[in-house]
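Quick note: the coordinates plus some simple rules give every number you see, no bench work behind them. None of these values were measured; they are calculated from a predicted model. When we count neighbours, we look across all protein chains shown, and the Cβ atoms used for this are built from the backbone with ideal geometry, even at glycine.
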Amino acid sequence: MDKIINKSTNEAISLIAKQEYEDIKEYIYIDTGKMYESGKNSDFDKGYVVIKAPQARWLYYTTWIKAGEGNLNAIPQWHELVKSENMENYVSIYTNKFNQIKKGW
């Protein structure tokens with residue numbers, strides 16, 4: 001059982017991180033798109049989604065900023081909202097991967 005858990009966890013981490021990266025696009029600040037694109041080289045295999053643009057930290061933690069023309073849904077601390085909105089989906093991704101491996105896929 002430990003082998004199934006380890007294998008499903010390792011495979012699901014990458015899938016969940018890639019899905020989260022896609023999901024943040026709904027709430028991240030997008031003027032030119034470069035900030036969002038800076039995360040495409042995140043270490044998804046380890047579960048890391050890192051937006052590396054210079055302005056990302058400032059925009060993430062500065063709570064008084066309004067959304068711009070690039071994305072009217074943009075909010076500070078976008079990761080927190082994405083995580084809370086999509087946690088069931090992320091759990092489902094893991095559960096599906098676990099069941100696939102358990103069945104021998």
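Could you work out the percent of alpha carbon pairs in the chain separated by over 21 Å, rounded to a whole number?
Tail of the P(r) past 21 Å holds 41 percent of the pairs.
I'd like the orientation of helix 2-24 relative to the chain: the angle between its Cα long axis and the longest Cα principal axis, in ° from 0 to 90, rounded to 10.
It works out to around 20 degrees.
Given the Cα-Cα distance of residue 48 and residue 100 and 0.36 nm per residue of separation, how much length would full extension add, in nm?
Length gained between residue 48 and residue 100: 16.4 nm.
Relative to the Cα centre, what is the charge dipole magnitude of the chain, using +1 at the beta carbon of each Lys and Arg, -1 at the beta carbon of each Asp and Glu, and rounding to the nearest 20 debye?
Charge dipole of the chain: 360 debye, to the nearest 20.
Given a cut-off of under 8 Å on Cα pairs at least six residues apart, what relative contact order in percent is computed for the chain?
With pairs under 8 Å counted, the relative contact order is 35 percent.
Could you tell me which of 42, 56, 29 has its Cα farthest along the dipole of region 1-56 towards the positive end, charges placed at Cβ (Lys, Arg +1; Asp, Glu -1), taken about the Cα centre?
42
Can you give the extra length, in nm with one decimal, that the chain gains between residue 26 and residue 62 once fully stretched, where that is 0.36 nm per residue apart less the Cα-Cα distance?
11.1 nm
Could you sort 61-71, 24-34 so that the peptide with the highest average Cβ count within 10 Å comes first and the rest follow in order?
Per-residue mean Cβ counts within 10 Å order the peptides as 24-34, 61-71.
How tilted is helix 78-102 with respect to the longest principal axis of the chain? Cα atoms for both, answer in degrees (0 to 90, nearest 10).
Value to nearest ten degrees: 20.
In whole Hz and in residue order, list the ³J(HN,Hα) couplings for region 60-73 that follow from phi through the Karplus curve 6.51 cos²θ - 1.76 cosθ + 1.60, θ = phi - 60°; x for Gly and Pro.
Each residue of region 60-73 in turn: 5, 9, 8, 7, 8, 6, 8, 5, x, 5, x, 7, 5, 8 Hz.
Please give the length that would be gained between residue 37 and residue 88 if that part of the chain were fully extended, namely 0.36 nm times their separation in residues minus their C-alpha to C-alpha distance (nm, one decimal).
15.8 nm
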